[in-house]
Structure formats: structure tokens, C-alpha cells
Amino acid sequence: MKIVSYLLGLVFVLVVAVYTVAFTSFGNSLLQPTIEAKIQAQTKLPSKLQTFHLGMSDFEIVLELNKNNTIHLKGEYSLFAQSFDISYSVNLEELKTLKALTQTQLQSSLHTDGRVVGDMAFLKVDGKSDVAKSSTTYHIELTDLNPTSIIAKVDTLDLEALLYMLNQKSYASADVNVDVDFKNIAPHKLDGEIKLRTVDGKLNSAVMKKDFNITIPATAFVMNLDAILAGDDVNYKYVLNSNLATLSSSGTVVPQPLKTDIKYGVNVKELAVLKPITGADLRGPLRLNGTVKGDKAELVVDGRSDIADSKTTFVALLKDFTPASVKAKIQGLRLENALYMVKQPHYADGIFDMDVDITNADANNLQGTVVSTISKGIVDTKFVTKEYKFKSKMPYTAFNAKTLTKLNKNLVDTKVIFNSNLANFDIKQARFDTKDASLVSDYKVSVKDLNKLYFATQRHLKGGIVATGELKKAKDLDFTMHSDIAGGKLDAKLHNDDFSAKLASLQTLDILDILIYPKMFKSSIDGVLNYNLVAQKGTFDGKLSDGTFTRNQVLDLVKQYARINLYKEKFVGDVNAKINKEHILASLDLKSNKSSIITKNTKLNSKTQIIDSKIEINANGNPLSVTVRGNVNAPKIGVDANKIVKKQAEKAVKKEINKLFKGLF
């Protein structure tokens, strides 16, 4: 009996101790610092319990999260029945100071108050709020602390105030009304409806212009949403109408597990207005409609559009919301309209068609083909001439193109055929590796009439050219070019910024013919050019062999008065040049058994076309000195020919020297 008495006494002492600690003013004062510390740790705010009263059946708590933000709880409870009757009042006057708790930057204020009645098995919450200047009431029922019913009415919520509270710019203003009547939101037992009405909506043109550089007209909008929840299904209809766009969607959605059968429609008069939402810098109209059917395992999205005046269709299959395959067809897209839509200049007109068949859209295992064509292409030569500052107008240019792209995992192989009245361009295989972003491509370019490129070269040329080569781009850039031209071969390569070219057995008569210069000198030339694109510096070293002069008045006069026939002599020699940006310093040393033609340190400015040169001709010991100064197209020729020609022939010599000069340079 003594043991029982001791145990009862111990229990009594423990009960008294617990009661004293938990339910008396003295005990509350002991618990308060500990609870405050726990709250501060959770909220990461300097929270304080201004009031902390916990009795056997009632309590009152006033929690100051920080200055001007308080939560007040007061009510009655039963420990044994686990029932509650609690009144609450939340007054958050400065939301911006609660970022540590909300994990996002908020503004403005928020007030809500109400009552919680029930027990752990079933609770009812009734309250009201002024969120975003609205008059909001709500009734929530919880079973086992899980929401099962929600009835709420939001009257005249201010959209601009809501955006400000969420720390967003005031892109739009509107009054929003929401009626929610969810009698049951338990999975598979849905029962309720929701109605949303947005009236007097207006877009803020000034903010759109400032933030996105978008100029839009005064825009009013209304938005309606009606949804009915029944069992597993949510049947809804949504419409957003404005003078800029109409967005609509309707159908059935099963939330758990997800299943959809919906229709959608998009009619946008000006895409630029959607930039804040889509992030895409587009403009112009867009009409799109289609369906979304299936579930999480397999979801099929199809659509039809008239984008850029085209007839466009597509079907995409998603598995677990990840694209699995895509088929698309674009027919009759207007190239000029597409350029306008993506905010590019009007480079050309044309018709664009494309067929896409991606059998595997997994980024790591891509499989499929893409075929595209451009027909009836016409370059806007007036714009291109102005944009690239050509000195003469680009001629009429018509073109067409076709590409075939094959996707195989990380490899993208593309074949290109481009034809125009200026040039043709062919690529048999351009291989791009998505893993390392490397590119390897062959090419062939054909120009039938080089003179049509005068607008770019500013030099009249004759004949054509065919060049082939390869482009490689990985860590380094490498480019090669090979061409049979002027009776010889040209081989060039570029490694990053270093360019080099090798000339083998090029015939000077063919070169002069291409340049439309007098055919004064027949020879074979070999040479090497080395040039750095960044420094714009380089050198050229060449050798002339088997050189003979064609008939010209200068050598006729030399033959007549100096009794020297230079036509029978064969010349060999060197031609060298140092290049420093637009400044060229050139030298020429031609020699035969009896004669020589030498010029050293000829100065030529490729930008101003100014030359300063002195040419020394020695015909079997008879000197002829020539100076060439001024613009290369009409230089001033000076001749010191008294030793080998009579004075009356000097005028004819000057005329022919000009031709000879062009032949040599």
C-alpha cells in the first residue's frame, strides 16, 4: 500500500508540475522564451510573443513577426475531445519585410480574420480578407486536416493591386470576380464549380513601352472561366477577348490520373503584346487552333496555323510530357512575312516550304528528317545595297534553295543546293555534332559571270570561277579553297586568323583577261600569300617565268629607235609585296639575257587607290625611266626616254606605258 501511495503521490506531483508549467501564468512565462526561439528559427524573423496565455481550456496568443506584422489567435479547446473554437486575425501591414518567411519579395499589405471550429477529424474555417483591395469571404472544410470542401467569393479584386503585391509591374488593370463552390475536392469524388469574370481590363501601354519597347494601342480585355467538377472530370470553358487577341480553350480534364480531351484556339492580332508572357521577340498576327488529347503516358498535340500566310499543320506526341515525335508541314510561307515576324529586315521575297518528320525527339537520341525549299526567291537589292553600303547597286537577283537534313542522335547532316543568277552554292554534307558544337562541311561555289559581282568587288571582271573546299569549326576554325583558274591552280587555307594562298602556274594573259586589262605580258606565275586577318598584315612572294611581251607601241618604239627587239627575249623574275592594312609596298624584278624591268618599293594604297612608283627599263644597256603617280585608274605618267627614243615619240610612249603599268600590276 505504501508503494501505491508513493506512486499516486508521484503522479500527483507530475500532474501538478505539468499543470503549473503548461497552464499557469508562471509556467507560461517559463515556456514563452523557448517557443519564441523556435518561432524565430522557423520564420528567420525577430518574432516576439506579445501575449502568451495557455490555460486548461482557453488560450490567447499575439505574435509579432516583426514591426507592423502581427497574428492574433484566441479561443477555447478541449484536450480530451481534441476540439477547437478559435478566432484569428492576421494583420500584415508591411509584406516587404517578410521575405525571409515568404521566400519571395512581396509589397503592400494583407489582412484576414475568421474562425476555426471543429476537432482533429473535422474542421471548418470561415473568414474574410481584403487581398488586393477585394472583398473576399471563404469557407473551408478539412477532414483529417486535408481540405475537402472550399467555398469562396472574391468580389472586385484589383488586378493592378495584386501585381503590385506580387512585386510585378502594373502591366494591366482590371476588376476580377471569382466564385468557388467546391463541395468536394477529394480525388475521384469531385463536386463543384468555379466561375471567374474579369471586367474593365486594360493593358498599360506606357509600362509595355518602357519595359519591352513595345508600342501597343489602347487595349481593353475581358476574361471568363467556367468549370464544373464532377467525379473524376473537370469540364471547362475559357475565353480571353481583347482588341489585340482572342484565346480560347474548352474540354475535359481528368486531374488524377491526368487525362485531357480539349480544344484550343489562338487568334493574336499583334504578337508583340505577348512578349512579357512568352519572352519571344515577335510581331505580327498569329492564328492557331488544335486539340490536346491523351494522358501522361501519351499526349497528342495537333495544330493548324496560317503563320506568315502559310498553311501549317503539326502533330506532336509527348510521353511523360516529354516530346517523343513530331511531324510538321509548312506550305506556302511568305518569306517576307516571316522576316517581318521575327523582326528582321526585308532581305528577300520568296515561298518557303518545309516537311519535318522527327521519329525520335529525345535530345540524346534524335532521329528524323527535315526537308525545306525556297522557291521564287527575289533579293531586295535596294535594301541590301543600302544595308551593306555597296558603292553600286546590287543587280536583280533571283534564287531558289533546297536543304535536306538528317538527324541521327548527336549528328545533324545537311545537304544544301542554292542557285541564283549570280552564283550557285552546293554542299554535299555539312555535319554538325551537337555534343561538341563542331561543324565539318564541304562546299562548291560556281560563278558563271564574275562581272555580276561588281557591286561587291568594285572591279569589272571577265569570265567565271569554280571553287571547292572544306570548312571545319571546332576549337579552331579551318577553311580550305581549291580552284583551277587562269590556266593554273589556286590553293588557299584559313586557320583561325591566318590566311595563306598558293598560286601554281597561273598564266598572266588569263589573269589580265579576267581583270579586263591589256594583254601586254605573257608569263607563268607561282607565288605564296600569307596574311593575318586581325592584324591585316601579310606578304606576297612570287616568281615569273617564260615571260614574253605581246605587241605594244612602247616596245615597237624601243625596237625602232634603240634597235632592240624585246619581243624575242624571255624574262624571269620576282614580284614581292608587303601588306600593312591598306598600305602595299611592292617590288618587281624582271630580267632577260640582255634587258631588265625593275621597280622597287612601289607604294599603293588600296583604300585611296593612290600609287607612287618608279619603273626602270634597261633595253640592252639603253635606259628608260618611268614614273607613275596618282590614282591607279588615271595616273600621271612621267617618261625619261631621251636616250633611246626621239622626242616626238614620247607622247605615244606615255600612253602605252599606262597600259604596260596595268599589265604588270
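Taken together, the values in this text are just the output of simple stated rules run on the coordinates, not laboratory data. Since the model is a prediction, treat every value here as computed from it, not as a measurement. Cβ placement follows ideal geometry from the backbone for every residue including glycine, while neighbour counts extend to all protein chains displayed.
Once phi is turned into θ = phi - 60°, what whole-Hz ³J(HN,Hα) does the Karplus curve with 6.51, -1.76 and 1.60 give for every residue of region 103-114, x standing for Gly and Pro?
6, 8, 7, 10, 10, 6, 9, 8, 10, 8, 8, x
Full extension from residue 424 to residue 442: what is 0.36 nm times the residue separation minus their Cα-Cα distance, to one decimal in nm?
Stretched fully, the residue 424-residue 442 segment lengthens by 5.1 nm.
What is the mean projected area of the alpha carbon convex hull for region 237-366, to one decimal in square nanometres?
Seen from a random direction, the Cα hull of region 237-366 projects 9.2 nm² on average.
Check which residues have an amide H placed less than 5 Å from residue 564's amide H, if you skip close sequence neighbours.
559
Do the alpha carbons of any pairs in 259/406; 329/435; 415/519; 311/393; 391/519; 210/475 sit beyond 31 Å of each other, and which pairs?
259/406; 415/519; 311/393; 210/475
Just report the Cα centroid separation between region 395-449 and region 304-338, whole Å.
Comparing the Cα centres of region 395-449 and region 304-338, I get a distance of 23 Å.
Sorting 392, 89, 592 on the 10 Å Cβ count, fewest up front, what's the list?
392, 89, 592
Kindly state, to the nearest 0.05, the FRET efficiency for residue 459 paired with residue 413, given R0 = 30 Å and r defined as their beta-carbon distance.
0.20
Read phi for every residue in region 373-385 and hand back ³J(HN,Hα) as whole Hz from Karplus 6.51 cos²θ - 1.76 cosθ + 1.60, θ = phi - 60°, with x for Gly and Pro.
Result, ordered by residue: 9, 10, 10, 6, x, 9, 6, 7, 5, 5, 5, 4, 4 Hz.
Could you name the lysines in cross-link range of residue 603, using Cα to Cα under 18 Å and dropping any fewer than eight places away on the same chain?
Filter leaves 537, 578, 581, 614, 636, 662.
Quickly work out the residue 62-to-residue 148 label distance, labels modelled 7 Å from Cα along the C-beta direction, and quote it in nm with one decimal.
A separation of 3.7 nm, rounded to one decimal place.
Given a Förster distance of 30 angstrom, what is the FRET efficiency for residue 451 paired with residue 388, based on the Cβ-Cβ distance and rounded to 0.05?
Approximately 0.95, to the nearest 0.05.
Just to be sure I understand: if I project the alpha-carbon convex hull of the chain onto a plane and average over all orientations, what area do I get in nm²?
That works out to 46.6 nm², a quarter of the Cα hull's surface.
In whole angstrom, how far apart do the alpha carbon centroids of region 201-267 and region 117-186 sit?
With region 201-267 and region 117-186 each reduced to a Cα centre, they are spaced 20 Å.
Set the Förster distance to 41 Å, then compute FRET efficiency between residue 342 and residue 528 from the Cβ-Cβ distance, nearest 0.05.
Calculated value: 0.40.
Full-extension gain between residue 202 and residue 85, please, as 0.36 nm times their residue separation minus the C-alpha to C-alpha distance.
Stretched fully, the residue 202-residue 85 segment lengthens by 37.7 nm.
Return the long-range amide H neighbours of residue 463 (sequence gap of 5 or more, or a different chain), with a cut-off of under 5 Å between placed amide H atoms.
Distant-sequence amide H within range of residue 463: 450, 451.
Under the rule of -39500 (n - 2.57) per DSSP H run of 4 or more residues, summed and divided by the residues of the chain, what mean residue ellipticity at 222 nm is obtained, to the nearest 500 deg cm²/dmol?
Helix contribution divided over all residues of the chain: -5000 deg cm²/dmol.
With θ taken as phi - 60° and the coefficients 6.51, -1.76 and 1.60, list the Karplus ³J(HN,Hα) couplings across region 434-441 in order, rounded to whole Hz; mark glycine and proline as x.
Taking θ as phi minus 60°, the curve returns 5, 5, 10, 6, 9, 9, 10, 8 Hz for region 434-441.
Counting only other residues whose beta carbon sits under 14 Å from that of residue 335, what net charge do I get with K and R as +1, D and E as -1?
-3
Lys and Arg at +1, Asp and Glu at -1: add these up for the other residues within a Cβ distance under 15 Å of residue 201 and post the number.
Spelling it out: positives minus negatives among the neighbours equals -2.
Note down the nm distance, to one decimal, between modelled labels 7 Å out along Cα→Cβ at residue 369 and at residue 355.
It is 0.7 nm.
Fewest Cβ neighbours within 10 Å first, please rank 287, 551 accordingly.
Ascending number of Cβ neighbours within 10 Å: 551, 287.
Filter the cross-link list 124/195; 96/169; 237/293 down to pairs whose alpha-carbon distance in this structure exceeds 19 Å.
In this structure, 124/195 lie more than 19 Å apart at Cα.
Multiply the residue gap between residue 585 and residue 226 by 0.36 nm, knock off their C-alpha separation, and tell me the result in nm, one decimal place.
Gain on extension, residue 585 to residue 226, equals 121.1 nm.
What ranking of 78, 325 emerges when the number of other C-beta atoms within 10 Å of each C-beta is taken as an exposure proxy, fewest first?
Sorted ascending by nearby Cβ count, the order is 78, 325.
What number comes out for the charge environment of residue 77, summing +1 per Lys or Arg and -1 per Asp or Glu over other residues with Cβ under 9 Å away?
-3
If you average the C-alpha positions of region 72-89 and of region 93-111 separately, how far apart do those two centres end up, in angstrom?
27
Modelling each spin label as a point 7 Å along the Cα-to-Cβ direction, I'd like the residue 291/residue 537 distance in nm, to one decimal.
7.1
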